[in-house]
1. Run the helix sum for the chain: -39,500 (n - 2.57) per DSSP H stretch of 4+ residues, divided by residue count, reported at 222 nm to the nearest 500 deg cm²/dmol.
2. First obtain the Kirkwood hydrodynamic radius of the range 4-67 from its Cα pairs, then insert it into the Stokes-Einstein equation at 25 °C and 0.890 mPa s, and state the resulting D in µm² per second as a whole number.
3. Tilt of helix 41-67 relative to the longest C-alpha principal axis of the chain, in degrees (0 to 90, nearest 10)?
4. In debye, nearest 20, what is the charge dipole magnitude of the chain about its Cα centre with +1 on Lys and Arg Cβ and -1 on Asp and Glu Cβ, if you could check?
5. Over the chain, what is the relative contact order in percent, taking alpha-carbon pairs closer than 8 angstrom and at least six residues apart?
Amino acid sequence: MRNPTMWKLAAVAVLAIVLVNVALGVNLLPGPSEAQEKGTFAALIITWTMVLISAGSGLALAAFLLTAKRGR
């Protein structure tokens, strides 16, 4: 049996994880100019791509959890 309240709480938890993920990326990764100076610009692009893909996946999961209909 599906409890809609728990699914909504799970969606909120997923959104919180997405926000933490992006905040960690912003705070821990160097800026583009600093990465260019160190020669790690390609690694920066790859890492930001992974952060954005995980954020997009989390948003899709949260949307599913919020909008899933009760199946019979």
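Read the figures in this text as sums done on the coordinates, not as results from a lab. If you're wondering where the values come from, they're calculated on a predicted model, not measured in any experiment. Neighbour counts run over all protein chains shown; Cβ positions are idealised from the backbone, glycine included.
1. -28000 deg cm²/dmol
2. Translational D for this selection: 190 µm²/s.
3. 10 degrees
4. Rounded to the nearest 20 debye, it is 720 debye.
5. After rounding, I find 55 percent.
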